[in-house]
Amino acid sequence: MTHATDFVIETKGLTKEFLGFVAVNDVNLKVKRHTIHAIIGPNGAGKSTCFNLITKFHAPTRGQILFNGNDITGHSPSQIAREGVVRSFQISAVFPHMTALENVRIGLQRRLGTSFHFWKSDKTLNILNDRAMDALERVGLDEFADELAVNLPYGRKRALEIATTVAMNPEVMLLDEPTQGMGHEDVDRVTQLIKKVSEGRTVIMVEHNMKVVANIADTISVLQRGELIAEGNYDTVSNNPQVMEAYMGSADAELAGH
């Protein structure tokens, strides 16, 4: 029997309208604790809007968002980050002329509330080095610790974003299109990386690459025109007639053949 506390994130009637256009319409998500939950759908399905609602970068027009059973609908993005719901950003793009280690360390400073204390001595910041190195090791970037972010290959940059997010030790980690723009080798590396860092935490990801979703997602929610049309494991959703129809002729994903 499933209890409410088994769901780490839950949305109830989540709706977002932009000037009369309904981008997300009455979406009820239930994300089980310690699972990888993927949100998929053709272009314009409302995936990114849904993601932005969960991470509080958009305020919903209607509906509720619960985290561990508590209503966080009115909380700010920084509040929910402190509570343990952390979104992966393209951090490497923010500080390209800092090393991989320094990028992760700045993420930790944010978590500790010292993000603007750039006048702090290096000695103080060195306390964070062990935690930063640990995060880099977890994503296989320890040998790149002293490399400037700008010099990292694209796939390694995305790994750096994940390392910075992992360093903050989130309970729920949200990844927006983590393999977008990657070659096959990088996709495989980042897919395995997501699987590795998901141990002991919950991952919610928006993803286009169906092979990635098929390989690592425990649960898949399919959106079309802002509405949830199917949910379940890969076999369940890939054989759903409504999902097959939604993807028919769609250039951004193939459900067959994976």
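The table that follows gives values for the structure above.
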item	result
Over the chain, relative contact order from alpha-carbon pairs under 8 Å, at least 6 apart, %	26
GNM top mover of 177, 185, 207 - the chain, alpha-carbon springs below 10 Å	185
Centre separation in Å (Cα based) which lies between segment 186-220 and segment 2-67	18
Linear extension gain, residue 34 paired with residue 17, 0.36 nm per residue minus alpha-carbon span	3.0 nm
Computed Rg/Rh of segment 1-72, alpha carbon atoms with Kirkwood Rh	0.98
Full-stretch length increase - residue 188, residue 245 - with 0.36 nm per residue and alpha-carbon distance subtracted	17.7 nm
Relative contact order of segment 1-61, pairs being alpha-carbon contacts under 8 Å that are 6 or more residues apart, as %	32
Assigned charges on the beta-carbon of Lys, Arg, Asp, Glu; the chain dipole about Cα centre (debye)	700
Point-to-point label distance, residue 150-residue 78, nm (Cα→Cβ direction, 7 Å offset)	2.9
Calculated P(r) tail over 15 Å for segment 124-195, as whole % of Cα pairs	53
Average projection area in nm² (convex hull over Cα atoms of the chain, one quarter of hull surface)	14.6
At R0 = 22 Å, FRET efficiency that the Cβ-Cβ distance of residue 180 and residue 126 yields, to 0.05	0.05
Cβ charges +1 (Lys, Arg) and -1 (Asp, Glu), total dipole of segment 2-79, debye	100
Gain on full stretching of the segment that runs from residue 227 to residue 196 - 0.36 nm per residue minus C-alpha separation	8.1 nm
Per residue accessible area in Å² of the chain, where ligands, DNA and RNA are left out and the probe is 1.4 Å	47
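The values are calculated or read from the model by the stated rules, or taken from the named source; none is laboratory data. Since the model is a prediction, treat every value here as computed from it, not as a measurement. Virtual Cβ from ideal backbone geometry, glycine too; neighbours counted across all protein chains shown. Quick note on the areas: whole protein, heavy atoms, side chains included, nothing else; ligands and nucleic acids left out. Shrake-Rupley method; radii C 1.70, N 1.55, O 1.52, S 1.80 Å.
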